[in-house]
Structure formats: structure tokens, C-alpha cells
Amino acid sequence: MIIIAGWIAVDPQAREAYLRTCVDAVEQARASAGCLDFTLGADLADSGRINVYERWESAEALAAFRTSGPSDEQTTMIRDAEVLRYEISGAGPA
């Protein structure tokens, strides 16, 4: 299992616009084979932060979905980011 998790920083007044540009990507990811979860969301405590969380069955499923990164419009809005890939060998109930 592959987990992609982290955050993206944008100007607080640009956050809602940035998230609107992501709706198609979220829908496409969720419809992709091997996608277990995919979400981008506004942080509750930081008005310029967007939380990133993706969960994929395998590296192959993730690679099949990934064809490009953020659009030019999105890239110009990003001020900072930390998004990491985790390879998980097992999981169970919390």
C-alpha cells in the first residue's frame, strides 16, 4: 500500500480558488483502479494550508494515475509544500 500525505501552503485568500481547481483531479483519482482514498482539504486551524491524503493499493496503481503534476495556475498559487510518499507493508484497525 502507498500513502501520499502532507500539506500545501497557499495565500489564505487563494485557498478556496486552489481547491476548486482540484475537483476534477480528485474525481479522476477516486475513479482510478487501485485508488483507495484521495482527498485535499482546507485545514481547520491554518487558513493558508491544504491537507493532502492519498491511499493507493500499489505503486503501480499510483504510477498509472500520475500523468502530470499541478497545473501552471495551481503552481503559481503554491507558496510551500511538504508531501511525502510512504510505503506501507501492513495495516489493521485503529
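Structure summary
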| quantity | calculated |
| --- | --- |
| Heavy atoms of Thr67 accessible to a 1.4 Å probe, total area in Å² rounded to 10 | 120 Å² |
| For q = 0.22, 0.32 Å⁻¹, Debye-computed log10 I/I(0) when each Cα of segment 1-41 counts as one equal scatterer | -0.80, -1.16 |
| Alpha-carbon radius of gyration plus Dmax, which is the widest Cα pair, for the chain in Å | 13.7, 40 |
| For the chain, size of Cβ-based charge dipole, Lys and Arg +1, Asp and Glu -1, in debye | 80 debye |
| Helix-only mean residue ellipticity at 222 nm for the chain, each DSSP H run of n ≥ 4 adding -39500 (n - 2.57), per residue, nearest 500 | -7500 deg cm²/dmol |
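The values are calculated or read from the model by the stated rules, or taken from the named source; none is laboratory data. It should be emphasised that the depicted structure is a prediction, and the values quoted were computed from it without experimental measurement. Here Cβ is always computed from backbone atoms with ideal geometry, including for glycine, and neighbour counts include all displayed protein chains. Protein only, heavy atoms only, side chains kept; ligands, DNA and RNA dropped before computing areas. Shrake-Rupley method; radii C 1.70, N 1.55, O 1.52, S 1.80 Å.
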